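The values are calculated or read from the model by the stated rules, or taken from the named source; none is laboratory data. All of these numbers come straight from a predicted model, not from anything done at the bench. Glycine gets a Cβ as well: all are built from the backbone with ideal geometry, and neighbour counts include every protein chain shown. Surface accessibility is based on the protein's heavy atoms, side chains included, excluding ligands, DNA and RNA. Shrake-Rupley method; radii C 1.70, N 1.55, O 1.52, S 1.80 Å.
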Amino acid sequence: MKRPVLFESPSSSPKLISSEIYRNSTYGAWHPLAIPRVSTVMDLAMALGWLTPDEWVRSPRARPKALSAWHSPDYVAAVMKAEEEGSVSDEVRRRYNLGTHANPVFAEMYRRPATAAGAAIWAGENLKDGGVLYSPAGGTHHGMPDHANGFCYFNDPVLAILSMREYGVQRIAYVDIDAHHPDGVEHAFATDPDVLMISVHEERRWPFKGHLEDRGVGNVFNLPVPRGFNDAEMRAAREDIILPLVQAFRPEAIILQCGADAVTEDPLSRLALSNNAHWAIVEALNGMAPRYLVLGGGGYNPWSVGRLWTGVWGTLTKQKFPERLPPLAEAVLRDLSWPGRAAGRNPPEHWFTTICDLPREGQIKPEVRERLDALGARMTAWL
């Protein structure tokens, strides 16, 4: 399928919205989110000459009232109190899922997710007349209205959609290519026919939701995929399902959650994508709606997530990707570490010297083809 560009690119250039709060904030030394991610994107993009001061926006922090557009006020207050006190009671732990292994108490446990949420809410306002925004700290798609879930305290994709609605945007396509299903976003919008929801995620992986048979009110299209899912299979998903659905839906805005945990090197999935597969979707969706918001998400290898998300920005700004990184960019990657991981003790040289993975092609597995065909038949009936 050859994708038509339905909308002219806006006259203003894409904007990257971020904050320095992510540079030294960590969920704890043992947690998968102990690694630097957003700060690496900022540093690598600047080292490549891809990010200018005019293109960078400092993220505001969402106020409790703004977070309560979807999250319960008592839950927001509990997160704030946990940060202030540095601990939670057993009752708070049980009620709000705070202070657990997945959702620990840490120094910025309110301010950090509230900043990502602030970027999402800001995006709703600043995309009201069209444009392209990138929030690599966003994509916390597991957060629930009244409790933390899967490393996610607040759900910035949900808040972005609600913010867009405040500014008159009704039809929104939400596409998620994280290795994990966006259960929080589906919880919010599975019964809303004006939100098209498409998710490609690993089957039989936490949160163990997002089944092929799930439909919402017809607007939910889940593609659970087996381990070893490769670039050729993602290309088929893109061309056979994602792009035809989005094109026919004719959304006023597209939100893409671009989790970096679906690549081969990530420790929390068993998929086999290269970063090229993500960038191809970023590029293909650009121009299919007048408003485009790209979010980060999962990603737990500091080198693969930094390279992939920097490449997202390079794709949005139409940069030429070098075969070998220049010295300043290489130095950014050589300065990273991954304590406690075997792969961090002796990283392969290309993690330092390149931004593009080699393509990871392969055969389209029969079960993937069957699921694509099943979604295709549903799509035909729905449209």
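Observations
- For the peptides 187-196, 361-370, 339-348, the ranking by packing is 187-196, 361-370, 339-348, with the highest mean count of neighbouring Cβ atoms within 10 Å listed first.
- The chain: calculated mean residue ellipticity at 222 nm from DSSP helix runs of at least 4, using -39500 (n - 2.57): -10500 deg cm²/dmol
- Cα coordinate range in segment 162-241, projected on the principal axes (Å, largest first): 41, 25, 20
- Taking every protein chain into account, the 1.4 Å probe leaves Phe208 with about 130 Å² of accessible area, to the nearest ten.
- Working from the Cα coordinates of segment 150-200, the gyration tensor eigenvalues give, after taking √(5λ), semi-axes of 19, 13, 9 Å in decreasing order.
- Cross-link reach is defined here as a Cα-Cα straight distance under 17 Å, omitting same-chain residues fewer than 8 places apart; for Lys81 the lysines meeting it are Lys65.
- Most simply put, the chain has about 5% antiparallel DSSP beta bridges, counting only bridges with both residues inside it.
- Amide H contacts under 5 Å for His201: Leu223, Val225, restricted to partners 5 or more places along the chain or on a different chain, H placed in the peptide plane at 1.01 Å from N.
- The lysines whose alpha-carbon is closer than 23 Å to the alpha-carbon of Lys209, local same-chain residues fewer than 8 away aside, are Lys365.
- With every protein chain in place, the chain: carbon and sulfur % of accessible area (1.4 Å): 51
- When nucleic acids and ligands are ignored and a 1.4 Å probe is applied, Lys15 ends up with an accessible area of around 60 Å².
- Per residue value of the accessible surface for segment 263-383 (all protein chains in place, 1.4 Å probe), Å²: 43
- P(r) weight above 24 Å for segment 260-383, C-alpha pairs, percent: 39
- Straight-line cross-link reach from Lys320 at under 20 Å between alpha-carbon atoms covers these lysines, not counting any fewer than eight positions away in the same chain: Lys15.
- When the alpha-carbon atoms of the chain are used, the pair Rg, Dmax equals 19.4, 55 angstrom.
- Look at where the Cα atoms of segment 53-93 and of segment 317-383 average out, and the two centres are 32 Å apart.
- Across segment 71-79, coupling constants 3J(HN,Hα) worked out from phi with the 6.51/-1.76/1.60 Karplus curve, θ = phi - 60°, read 7, 5, x, 5, 5, 4, 5, 5, 5 Hz, and Gly and Pro carry x.
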